[in-house]
Amino acid sequence: MLDLDNVVTTYGSIEALKGITLSVPEGGIVSLIGANGAGKSTTLMTVSGVQTPVGGEIRFRGELISGLKPHEIAARGIAHVPEGRRIFPRLSVREHLEMGAFLRSASSDDWERVFTLFPVLKERLGQPGGTLSGGEQQMLAIGRALMARPALILLDEPSLGLAPILVSKIFRMIREINREGLAVLLVEQNAKAALSLSSRAYVLETGRIVASGPSADLLNDPAVQEAYLGVKRRGGAAA
Ligand SMILES: Nc1ncnc2c1ncn2[C@@H]1O[C@H](COP(=O)(O)OP(=O)(O)O)[C@@H](O)[C@H]1O
Ligand SMILES: [Mg+2]
């Protein structure tokens with residue numbers, strides 16, 4: 001569905017992506033894990049057109065999309081939930097959801113779908129975004145993206161800064177959204193949760209993919225465990 005082939009993205013003289021090749025299949029959940037500064041957000045921004053790659057190609061359902069404007073990419077069915085959620089403090093929940101549907105007129109089905117996934121948003125429709133909790137703001141950011149009725153959703157660190165109980169709730173929601181047929185490209189520093197949810201994963205280190213495969217294999221890979229899952233190697237200092 002989505003194919004990145006040797007994608008290079010720069011910020012001035014900094015090469016943030018040094019040739020990224022990855023794929024997301026129709027209906028799949030793929031996770032992209034890696035330390036702070038590895039290039040995870042840049043990868044998503046390059047897919048959604050916020051950054052333009054200087055090398056390589058990005059295809060969506062076979063069509064070359066690298067070089068298109070963000071709204072053109074969104075219109076093809078890719079929604080991006082950016083890191084940090086980008087909720088407007090003074091705009092109401094309703095206004096955020098209406099904004100998500102700007103590319104098309106939302107039907108009552110779209111509203112119902114979001115309210116079924118996130119009942120709390122229905123209760124808070126008139127409330128300013130700034131008064132929501134962190135977890136509710138994340139739900140609103142995802143709900144806003146769903147209003148565009150995308151085929152692929154790019155999620156940048158949805159669990160960041162949330163209490164553990166909310167993290168598992170958000171991950172359950174992602175699974176639910178995927179069951180309805182949406183493909184998901186999930187960026188996370190919470191590698192364990194991401195690998196448990198996804199079927200395939202890629203590990204990013206300073207702009208390069210250093211490991212990839214079925215998520216279950218990566219969960220059991222000693223190098224991945226040590227670097228990203230906080231597991232000490234046998235014979236190490238663990239008591
Ligand atoms: N706007 C920017 N200008 C310059 N460098 C940037 C900018 N955004 C990110 N970078 C650099 O690009 C690299 C990748 O960043 P990023 O994609 O945000 O990583 P991650 O999301 O994995 O933490 C880092 O070295 C970061 O410092
Ligand atoms: Mg990031």
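The values are calculated or read from the model by the stated rules, or taken from the named source; none is laboratory data. A quick note: this is a predicted structure, and the numbers were derived from the prediction, not measured. Cβ coordinates were reconstructed from backbone atoms using ideal geometry, including for glycine residues, and neighbour counts include every protein chain displayed. For the accessible areas, the whole protein counts, side chains as well, though only heavy atoms, and no ligand, DNA or RNA atoms are used. Shrake-Rupley method; radii C 1.70, N 1.55, O 1.52, S 1.80 Å.
General remarks:
- Residue check for Ser196: over 15 Å from Ile29 (Cβ atoms), more than 16 Å from ligand 1 (Cβ to nearest atom), out of contact with any Ser or Thr (no Cβ under 7 Å at 6 or more places or on another chain) and open to solvent by 10 Å² or more (accessible area, probe 1.4 Å): no
- Some residue of the stretch 176-185 being within 16 Å of ligand 1 (Cβ to nearest atom), more than 22 Å from His96 (Cα to Cα) and not polar (S, T, N, Q): yes
- Residue list for the stretch 193-229, filter: in a loop (DSSP other than H, G, I, E, B) and of a type in the set (Asp, Glu): Asp221
- Restricting the stretch 177-192 to residues that are outside any strand (DSSP E or B) and within 16 Å of ligand 2 (Cβ to nearest atom) leaves a set whose member that is least open to solvent (accessible area, probe 1.4 Å) is Ala191.
- Residue match in the stretch 63-83 (condition: over 23 Å from Val114 (Cβ atoms), open to solvent by less than 10 Å² (accessible area, probe 1.4 Å) and either without any contact (Cβ under 8 Å) to a residue 60 or more places away in the chain or within 16 Å of ligand 2 (Cβ to nearest atom) (or both)): yes
- Residues that are within 20 Å of Lys40 (Cβ to Cβ), surrounded by fewer than 23 Cβ atoms within 10 Å (Cβ to Cβ) and within 16 Å of ligand 2 (Cβ to nearest atom) are absent from the stretch 167-174.
- The lone exception for Ile142 - which of (1) β-branched (Val, Ile, Thr); (2) in contact (Cβ under 8 Å) with a residue 40 or more places away in the chain; (3) open to solvent by 10 Å² or more (accessible area, probe 1.4 Å) it fails: (3)
- Among residues of the stretch 96-136, those that are outside any loop (DSSP other than H, G, I, E, B) and open to solvent by less than 60 Å² (accessible area, probe 1.4 Å), counted: 17
- Residues in the stretch 4-50 that are within 15 Å of ligand 2 (Cβ to nearest atom), free of Cβ contacts under 8 Å to residues at least 60 places away in the same chain, surrounded by fewer than 20 Cβ atoms within 10 Å (Cβ to Cβ) and not hydroxyl-bearing (Ser, Thr, Tyr): Ile14, Val50.
- If you go through the stretch 114-131 and keep only what is in contact (Cβ under 8 Å) with a residue 40 or more places away in the chain and within 21 Å of the chain's Cα centre (by Cα), you end up with Leu117, Phe118, Gly129.
- Pair list, Cβ under 6 Å, 6 or more apart: the stretch 171-184 residue within 20 Å of Phe60 (Cα to Cα), other residue crowded, with 19+ Cβ neighbours inside 10 Å and not aliphatic (A, V, I, L, M): Val184/Asn178
- Of all residues in the stretch 152-165, those satisfying the criterion of being more than 16 Å from ligand 2 (Cβ to nearest atom) and surrounded by fewer than 18 Cβ atoms within 10 Å (Cβ to Cβ) are Ala163, Pro164, Ile165.
- Boolean, Leu121 is farther than 30 Å from Val54 by Cα, of a type in the set (A, V, I, L, M, F, W, C) and in contact with a Gly (Cβ under 8 Å, 6 or more places away or on another chain): yes
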